[in-house]
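A short reminder: the numbers here are calculations on the coordinates, not readings from a lab. What you see is a predicted model; the values in this text were computed from it and never measured. With ideal geometry, Cβ positions are generated from the backbone for all residues, glycine too; neighbour counts draw on all protein chains shown.
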Protein chains: 2
Amino acid sequence: MENIRVGIIGVGNMGSAHAALLAEGRIEGAVLRAVADLRKDRLVWAADNLGSSIRRFEQPAELFGSGEIDAVIICTPHYSHPALAKEAFAAGLHVLVEKPAGVYTKQVREMNEAAAASGRVFGIMYNQRTNPLYAKLRELVQAGELGEIRRINWIITNWYRSQSYYDSGGWRATWAGEGGGVLLNQDPHQLDLWQWITGMMPSRIRAFCGFGRHRDIEVENDVTAYAEYPNGATAVFVTSTFETPGTNRLELSGEKGKMVVEDGKLTFHRLRVSEPEFNRTYTGGFGQPECWTIDVPVSGTASDHPGIIRNWIEAIRHGSPLLAPGEEGIKGLMLSNAMLLSSWTDDWVTLPIDEELFYTKLQEQVRNSSSLKDSGSARTLDISGTY
Amino acid sequence: MENIRVGIIGVGNMGSAHAALLAEGRIEGAVLRAVADLRKDRLVWAADNLGSSIRRFEQPAELFGSGEIDAVIICTPHYSHPALAKEAFAAGLHVLVEKPAGVYTKQVREMNEAAAASGRVFGIMYNQRTNPLYAKLRELVQAGELGEIRRINWIITNWYRSQSYYDSGGWRATWAGEGGGVLLNQDPHQLDLWQWITGMMPSRIRAFCGFGRHRDIEVENDVTAYAEYPNGATAVFVTSTFETPGTNRLELSGEKGKMVVEDGKLTFHRLRVSEPEFNRTYTGGFGQPECWTIDVPVSGTASDHPGIIRNWIEAIRHGSPLLAPGEEGIKGLMLSNAMLLSSWTDDWVTLPIDEELFYTKLQEQVRNSSSLKDSGSARTLDISGTY
């Protein structure tokens, strides 16, 4: 089978890393053929670093119409993901989109419809699904090891970003440029894993966002969200960008015990008899079921971005299943949108959310955006060590 | 100096333990002289176990008027604490009241006023203040080691109670009998420590209580509360009685790092330069201040109930300061009341709370209480290992 010819739109922080990976021949069955970027300096970078055989375009439409590629990876600012993906599908291309899927679910729903209509392979860069800790946790939960889940608690505050980070790009942390803050830029993986691991979406959410806390930015960088599920379970999701050292601790509590992921370890506190059974039969007042603390063996390392790209290429070439189907991008975004909407309305938000209302509220933020900064000032950061 | 002659009202679960302690002469400067209990079987227990010299009364008023005692420990059901304390102060007695101070703050405010007017020594059984872990944490926070606190997160779900526990007393877990659930029975220590350690009370609270979750009870046994502080800090407090094994993890995040108490250990993640200073001066985009992980040495063991009783006796005899002044009982109860009120009204509650509104709402619960069970069915549980 021929190699899949790949193009990349947006060779900034993430796109340049993916481009280098492909250019170095590290993705079997795929070859980098072209890149597109509106910024001339990034095209100069591409010429200097990716080899002279790589075609370079300013406009995405030129790339789509070039006949040079079968598939495209979209690494542009968040807002543009759905529109570019729709154009790509229309051009008959397979698509891998960076996270988040988009900024608002209305737009992402249209992208999903275009993907379905196209019959092309649509993936999303949820590389944390390749993290063996979370993959193992999901496998255990889906196998019923916890029984029914009763509580979820994720403290994910290890996204420290100094003011200098926010000042590194005019589009950063603005309603007009990014369309959100920590929920949209840093947390898409966690919001996805939350629903992917548990297989559950909340019925309603009440969230409390702090905007520009300890930073000169306009978007949310401090979030506490409470969620309720159809089965009676509850959840708390806490995230911020100004705490250091932050915490990344996920706790799932269920009928058969508790699982905790923290410090790179998965611990299962496993009950010998389930809580409901113990409760039904125990007569002693105080007392609780016998519990074993198990360090769950987790093997392998995260295949990360290369793993997601390989999986997507495999799916294109052989029809194998996607680890992260693009259509699922809407779920994490729905959680993110619900949290912002709950804060803006100071009220509960029932899921699925009112997409029109969210869109209207977002447009208000964009119109009132005090920091429609010079987007030409964007500079590319060294992202080694980030997600 | 003469020994302080102590009486105990209510020799059920806690009162019988305190009585035995005093009867065994383990509280220097104090001697047990009398007990009172409405339940004849508990007076039989007292005769059998505390010695024949101990006077026994059915009615509290008989004890107060007996001339046998200088001081009284109140270990009756929650509702009766304030009224009995007021009677005791009126009789010129020093008072140590079991937690919680009462069921609603209006009642507790009156008790505090009576205490102040009496000039007697008024303590509350916040024995967790003697826990060296929390005492050390408080000392560090009050010494400014964290700088300003920005986030508090307490998961305290290790209160497992089976249905058989709830069935052990007709008053248990009823609005009429206890006036509340996990917040009033299990969490008073944590609600106190929360404000005692940080020295801060929230400006407003939004809480989500589940009532009778997985148990045949009418009160709250599943709580998630979000709190905001005047300085911009936020907090989450999560508690339940149906999870096993539960979690007890307290995290404080501040300008100078993070402190975590879990598994009997206090860990300080200490920044070499404070976050605000780093943020002001750093220009590198990604990056964060150097952090040292410190296992804070914590010496000693909790002196616990005996420690609080000794401290109270010392205060009576020598005027030494109380570790847990009775007047401070209203603070934790205010947090507890605010959480219930927020759930009942499905809205924010601003602190200090509307005491009349809480009282009215509580009375509605009491009137609608479907489980005004036979309170004569109470049996005394073995509480060794509980707080």
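Between beta-carbons, use under 9 Å as the cut-off and find the net charge around B:Phe211, counting Lys and Arg +1, Asp and Glu -1. Every neighbour counted, the sum reads -2. For the pair region B:122-141 / region B:168-192, the C-alpha centres are spaced 22 Å from each other.
Legend: mean number of C-beta atoms from other chains within 10 angstrom of residue C-beta atoms, peptide B:285-294, equals 5. Couplings for region B:140-157, taken from phi via the Karplus curve 6.51 cos²θ - 1.76 cosθ + 1.60 with θ = phi - 60°, read 5, 5, 5, 7, x, 4, 9, x, 6, 6, 10, 8, 10, 9, 10, 9, 10, 10 Hz in order; Gly and Pro are left as x. Length available on full extension from B:Ala61 to B:Glu148: 0.36 nm per residue minus the Cα-Cα distance, which gives 26.5 nm.
What FRET efficiency, computed as 1/(1 + (r/R0)^6) with R0 = 22 Å and r the Cβ-Cβ distance, is obtained for B:Asn231 and B:Trp348, rounded to the nearest 0.05?
On the way: r = 18 Å, r/R0 = 0.82.
Approximately 0.75, to the nearest 0.05.
B:Val11 sits among other residues whose Cβ lies under 11 Å from its own Cβ, and their net charge, with Lys and Arg +1 and Asp and Glu -1, is +1.
Cα convex hull of region A:1-154: mean projected area in nm², to one decimal?
Result: a mean projected hull area of 11.4 nm².
Per residue of peptide A:242-255, the mean number of Cβ atoms on other chains within 10 Å of the residue Cβ is 6. To the nearest 10 degrees, how steep is helix B:329-345 against the longest Cα principal axis of chain B, on a 0 to 90 scale? It is inclined by approximately 70 degrees. Calculated from the alpha-carbon coordinates, region B:288-371 shows an Rg and a Dmax of 20.5, 58 Å respectively.
222 nm [θ] for chain A, helices only, -39500 (n - 2.57) per DSSP H run of 4+, per residue, to 500? Before the final figure, lay out the partial values.
Working: 13 runs with 134 residues, N = 387.
For chain A, the value works out to -10500 deg cm²/dmol.
Please list the equivalent ellipsoid semi-axes of chain B, computed as the square roots of five times the alpha-carbon gyration tensor eigenvalues, in descending order and whole angstrom. Let's see the in-between values first.
Working: eigenvalues 277, 126, 72 Å².
In descending order the semi-axes read 37, 25, 19 Å.
For a straight C-alpha distance cut-off of 20 angstrom, the lysines reachable from B:Lys258 (same-chain residues fewer than eight places away being disregarded) are B:Lys136. Rounded to the nearest Hz, the phi-derived 3J(HN,Hα) couplings of region A:40-56 under the Karplus curve 6.51 cos²θ - 1.76 cosθ + 1.60 (θ = phi - 60°) are 4, 5, 6, 6, 5, 4, 4, 4, 6, 10, 9, x, 6, 6, 7, 6, 10, where x marks glycine and proline. For region A:186-285, the pair-distance distribution built from all alpha carbon pairs, in bins 10 Å wide starting at 0, is 12, 36, 31, 15, 5, 1 percent.
The mean number of Cβ atoms from other chains found within 10 Å of a Cβ in peptide A:156-165 is 5, as a whole number.
Using only the C-alpha atoms, the convex hull of region A:208-259 corresponds to 70 Å³ per residue. Within region A:197-291, the GluC sites (Glu not before Pro) that combine a DSSP coil assignment with at most 14 other C-beta atoms in a 10 angstrom radius are A:Glu290.
Compute log10 of I(q)/I(0) for the protein assembly as shown with the Debye formula, placing one identical point scatterer on every Cα and leaving out solvent, at q = 0.06, 0.09, 0.11 Å⁻¹, to two decimals. Values, matching the q order: -0.44, -0.87, -1.18.
Note that region A:91-203, at 10 °C in a medium of 1.306 mPa s, gets a Stokes-Einstein diffusion coefficient of 96 µm²/s from its Kirkwood radius over C-alpha pairs.
What's the magnitude of the charge dipole for region B:1-110 around its Cα centre, counting Lys and Arg as +1 and Asp and Glu as -1 at the beta-carbon? Answer in Debye, nearest 20.
Numbers: 12 positive and 13 negative charges, 55 e Å.
Charge dipole of region B:1-110: 260 debye, to the nearest 20.
Cut-off under 30 Å on the C-alpha distance; same-chain residues fewer than 8 positions from A:Lys86 excluded. Which lysines are left, in chain and number order? Once the sequence-local lysines are set aside, what remains near A:Lys86 is A:Lys40, A:Lys99, A:Lys106, A:Lys331, A:Lys361, A:Lys373. Phi-derived couplings, Karplus 6.51 cos²θ - 1.76 cosθ + 1.60 at θ = phi - 60°, listed residue by residue for region A:254-260: x, 5, 10, x, 9, 10, 10 Hz, with x used for Gly and Pro. The label point for A:Ser320 and the one for A:Lys265, both projected 7 Å from the Cα toward the Cβ, are 3.3 nm apart. With a Förster radius of 51 Å applied to the beta-carbon distance between B:Asp304 and B:Arg204, the computed FRET efficiency rounds to 0.90. When region B:92-209 is described by a simple charge dipole with +1 on each Lys and Arg Cβ and -1 on each Asp and Glu Cβ, the residue from B:Asn131, B:Ile152, B:Gly102 located farthest towards its positive end is B:Ile152. Centroid-to-centroid, using Cα positions, region A:1-79 and region A:230-252 are 36 Å apart.
For the protein assembly as shown, the Cβ-based charge dipole about the Cα centre amounts to some 520 debye (Lys, Arg positive; Asp, Glu negative; other atoms uncharged).
What FRET efficiency comes out for B:Ala90 versus A:Thr293 if R0 is 35 angstrom and r is the Cβ-Cβ distance? Round to the nearest 0.05. The calculated FRET efficiency here is 0.10. The H on the amide N of A:Ala30, modeled in the peptide plane, is under 5 Å from the matching H of A:Ile4, each at least 5 residues off or on a different chain. Nearest 10 degrees is fine. How inclined is helix A:105-118 to the longest principal axis of chain A, computing both from alpha carbons? The angle comes out near 70 degrees. With each label modelled as a point 7 angstrom along the Cα→C-beta vector, the A:Ala17-B:Val273 pair spans 2.6 nm.
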